[in-house]
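Here is the structure we will look at.
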Amino acid sequence: MLLTALSWLSLPLFWLECAIIVQLGRFVTWRVGAVLFTPDLDARAGQLAAILPWVIVALLITSWVVPERASLSVNGIVVGAVALLGVAWWPAPPWTAEQVQLMNVLLQLLMAATTVIAAQTVVLRRHHLISVRAQQALQDAHTDVLTGLPNRRALLHALEGHAHDQRGGLLAVGLLDVDHFKLINDRHGHATGDEVLRRLAVHLRSHQHAQQASVVGRYGGEEFLLILRVPDPSSARDACERLSRRLANEPLHGLNVTVSVGLVVTAVFSSIEGPTARPSIPLPTAAEDGYSLRSFQVC
């Protein structure tokens, strides 16, 4: 009756499934209690054994329909209720032959239900482990190993995402280039050059927090890409100039490092040709001759 009424209400499928689970749980516990606490029933052990398939069905349906951890809790409640009924019924010795049969069937029912819950727990743990590893692999594939910033692939995906963004405003793409980085490597060694890039990444992260909804990543080598939405071209230009001046005034790993920034501001960003291709709008270029904005283009 309840399920028929719910179906006429045109409730979402999830709520209908939950109603089925509740009814199955109620049926299982009610039936177990009725068999245990009604001594006048015939062949009580056989009737209790007939409940076992319904217990398994109820547990499996719950594990399929209800979210992972919640399903484990719901199944635990059902099995716990059956166990409490068994404890409340459990007779004191000496036992009759019928009571021994009932106890054996009840223990088998609880063991089968516990096995299902144990298997469900193992499956959930494995699923969680696989999910964590998959997320970690995805993060590693989109993260630059040296700086911890998004890598070229992640930046291109971010640009492609902006192509489908329906919000207003302008898209600003800034290409930041460390001036004379080859000279830093030649004079101080590649380890120092790597540390300069790591320190620069720290500054860029703080800049990212200051500029809401911005993306900062390592585009390749000593090049970093900044993606942000701005209300007008002057805002993008001011943000890049503030960043370049700030970097020029703060030594990186004991070295006075300057950067050049090329900037493109566009109202519409079209698609990307391939996973390693540059965006179809012209990326900015930065010349190594100082710490100011060297290229500015509005599309």
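The values are calculated or read from the model by the stated rules, or taken from the named source; none is laboratory data. Just so it is clear, the structure is predicted and the values come from calculations on it, not from any experiment. Neighbour counts are summed over all protein chains in view; Cβ atoms, including those assigned to glycine, are modelled from backbone coordinates with ideal geometry.
Determine if the stretch 104-115 includes at least one residue that is crowded, with 18+ Cβ neighbours inside 10 Å and under 34 Å from the mean Cα position of the chain (by Cα).
yes
Contact list please: Cβ distance under 9 Å, first residue in the stretch 125-136 and farther than 21 Å from Ala70 by Cβ and assigned by TED's automatic domain parsing to the domain that holds Glu68, second residue part of a helix (DSSP H, G or I) and not hydroxyl-bearing (Ser, Thr, Tyr), pairs at least six apart or on different chains.
none
Which of the helices (runs of 4 or more DSSP H) found entirely inside the stretch 149-251 contain at least 1 residues meeting this: modelled with pLDDT of 90 or more and more than 27 Å from Gln139 (Cβ to Cβ)?
Because the criterion is at least 1 residues that are modelled with pLDDT of 90 or more and more than 27 Å from Gln139 (Cβ to Cβ), the helices (runs of 4 or more DSSP H) in the stretch 149-251 that meet it are 181-188, 190-210.
Name the residue, out of Trp64, Trp89, that is in the same structural domain as Ala19 (by TED's automatic domain parsing), aromatic (Phe, Trp, Tyr) and surrounded by 14 or more Cβ atoms within 10 Å (Cβ to Cβ).
Of the residues listed, the single one that is in the same structural domain as Ala19 (by TED's automatic domain parsing), aromatic (Phe, Trp, Tyr) and surrounded by 14 or more Cβ atoms within 10 Å (Cβ to Cβ) is Trp89.
Report, ordered by the first and then the second residue, all pairs with beta carbons closer than 9 Å, sequence separation of six or more or different chains, a first member in the stretch 193-208 that is free of Cβ contacts under 8 Å to residues at least 40 places away in the same chain and farther than 26 Å from Val230 by Cβ, and a second member that is of a type in the set (Phe, Trp, Tyr) and in a helix (DSSP H, G or I).
Correct list of pairs: Gly193/Phe181.
Filter the stretch 228-246 down to residues that are in contact with a helix residue (DSSP H, G or I) (Cβ under 9 Å, 6 or more places away or on another chain) and buried (at least 22 other Cβ atoms within 10 Å of the Cβ) and give me whichever is nearest to Val259 (Cα to Cα).
Start the filter on the stretch 228-246 by keeping residues that are in contact with a helix residue (DSSP H, G or I) (Cβ under 9 Å, 6 or more places away or on another chain), which leaves 228-230, 239, 242-243, 246.
Keeping just the survivors that are buried (at least 22 other Cβ atoms within 10 Å of the Cβ) gives 228, 243.
Values: Leu228: 19, Leu243: 9 Å.
Checked the stretch 228-246; the qualifying residue nearest to Val259 (Cα to Cα) is Leu243.
For (1) touching a residue at least 24 places away in the same chain (Cβ under 8 Å); (2) assigned to a helix (DSSP H, G or I); (3) touching a Leu at 6+ places or on another chain (Cβ under 7 Å); (4) not assigned by TED's automatic domain parsing to the domain that holds Val100, each residue gets a yes or a no:
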{"site": "Phe27", "(1), (2), (3), (4)": "yes, yes, no, no"}
{"site": "Thr38", "(1), (2), (3), (4)": "no, no, no, no"}
{"site": "Gly46", "(1), (2), (3), (4)": "no, yes, no, no"}
{"site": "Leu52", "(1), (2), (3), (4)": "yes, yes, yes, no"}
